[in-house]
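Here is the structure we will look at.
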Amino acid sequence: MMSIQEVARELRVSEKTVRRMLWRGDLKGIRVGGQWRFPIENLAELLPSGGTASAKAAPAPVPHRAVSIRELIEIGGIHYRISGNTPHEVLREIVNETSCIPASARPDLFKSIWERESLCSTGIGHGIAVPHPIVPLWTPRSDVPSCIGLYFLEHPVDFGYVDKEKVSVLFLLLLKTLQEHLRMLARLVRLLREDSLRTLLGKVPLRAEIHGEITRLEKAILPGAP
């Protein structure tokens with residue numbers, strides 16, 4: 001969740017402009033303790049899929065950073081038959097299922113992911129959710145790589161999203177910096193607008209099919225994709 005000041009910095013506009021966007025309905029936020037807070041994915045929709053405003057103004061390479069959605073998914077893995085009857089159970093299961101997350105990091109990571117989900121649903125529609133830790137409050141550890149995990153649930157679970165459709169597919173985002181998170185979230189959301197990818201995910205396809213379709217779409221519709 002981001003404050004008005006953080007949103008203004010990322011979009012490179014004034015705080016007054018952010019408030020104006022909020023009143024017009026261009027930017028959706030929620031009240032937390034009397035203060036406006038903005039889910040990261042809401043901000044990502046305002047950014048070009050190539051990256052964030054601040055990242056473009058002052059690029060800062062990070063060692064060992066994957067540069068495509070496919071590479072991030074290769075690190076996080078594709079996982080099937082994830083059990084759980086509630087969002088809490090499902091999110092705990094995906095953290096435990098992801099082998100690139102050390103066991104010692106899992107309790108704090110799950111706590112941050114669940115705190116974020118408790119604020120408002122990370123569902124994005126069409127039976128898909130994109131859970132992630134509270135950014136930037138969760139401090140990434142050197143032994144947890146930047147990655148995106150893809151998970152197919154054993155049965156759909158209600159994540160409380162406004163379209164009322166139960167979630168059956170999750171993408172867990174674990175990125176090292178806020179800028180990287182915003183950039184990759186914007187790219188992922190753009191890919192998930194494509195009917196071909198959503199249809200494929202609905203069939204619970206093989207890993208090779210998923211990697212192939214994401215590679216094709218990244219090259220076709222995302223600027224600067226490898």
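Below are the figures for this structure:
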{"read-out": "Subset of the stretch 107-133 [closer than 22 Å to GLU6 by Cα, touching a residue at least 60 places away in the same chain (Cβ under 8 Å) and within 11 Å of the chain's Cα centre (by Cα)]", "value": "THR122, VAL130, HIS132"}
{"read-out": "Residue pairs meeting the criteria (Cβ under 7 Å; at least 6 apart or on separate chains; first at positive phi, in the stretch 201-212; second hydrophobic (A, V, I, L, M, F, W, C) and not in a loop (DSSP other than H, G, I, E, B))", "value": "VAL204/PHE152"}
{"read-out": "Pair list, Cβ under 6 Å, 6 or more apart: the stretch 80-93 residue free of Cβ contacts under 8 Å to residues at least 24 places away in the same chain, other residue crowded, with 16+ Cβ neighbours inside 10 Å", "value": "ARG92/PHE110; GLU93/ILE82; GLU93/GLY84"}
{"read-out": "Every residue from the stretch 7-25 that is exposed (fewer than 12 other Cβ atoms within 10 Å of the Cβ) and either at pLDDT below 75 or over 23 Å from THR177 (Cα atoms) (or both)", "value": "LYS16, TRP23, ARG24, GLY25"}
{"read-out": "Those residues of the stretch 216-226 which are in contact with a helix residue (DSSP H, G or I) (Cβ under 9 Å, 6 or more places away or on another chain) and surrounded by fewer than 16 Cβ atoms within 10 Å (Cβ to Cβ), in sequence order", "value": "ARG216, ILE221, PRO226"}
{"read-out": "Residue within the stretch 78-88 that is within 28 Å of ILE30 (Cα to Cα), assigned to a helix (DSSP H, G or I) and over 15 Å from the mean Cα position of the chain (by Cα) present", "value": "yes"}
{"read-out": "Residues of the stretch 158-188 classified as among the polar types (S, T, N, Q) and part of a helix (DSSP H, G or I), total", "value": "1"}
{"read-out": "Members of the stretch 99-120 that are in contact with a helix residue (DSSP H, G or I) (Cβ under 8 Å, 6 or more places away or on another chain), at pLDDT 90 or above and not charged (D, E, K, R)", "value": "LEU109, PHE110, ILE113, TRP114"}
{"read-out": "Criterion: at pLDDT below 75, touching a Gly at 6+ places or on another chain (Cβ under 9 Å) and loosely packed, with under 13 Cβ neighbours inside 10 Å - qualifying residue of PRO59, PRO63", "value": "PRO59"}
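This table checks each residue for (1) touching a strand residue (DSSP E or B) at 6+ places or on another chain (Cβ under 8 Å); (2) under 11 Å from ILE69 (Cβ atoms).
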| position | (1), (2) |
| --- | --- |
| ILE148 | yes, yes |
| PHE152 | yes, no |
| TYR161 | yes, no |
| VAL167 | yes, no |
| PHE171 | yes, yes |
| LEU182 | no, no |
| PRO205 | no, no |
| GLY212 | no, no |
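The values are calculated or read from the model by the stated rules, or taken from the named source; none is laboratory data. Computed from a predicted structure; not experimentally measured. Cβ coordinates were reconstructed from backbone atoms using ideal geometry, including for glycine residues, and neighbour counts include every protein chain displayed.
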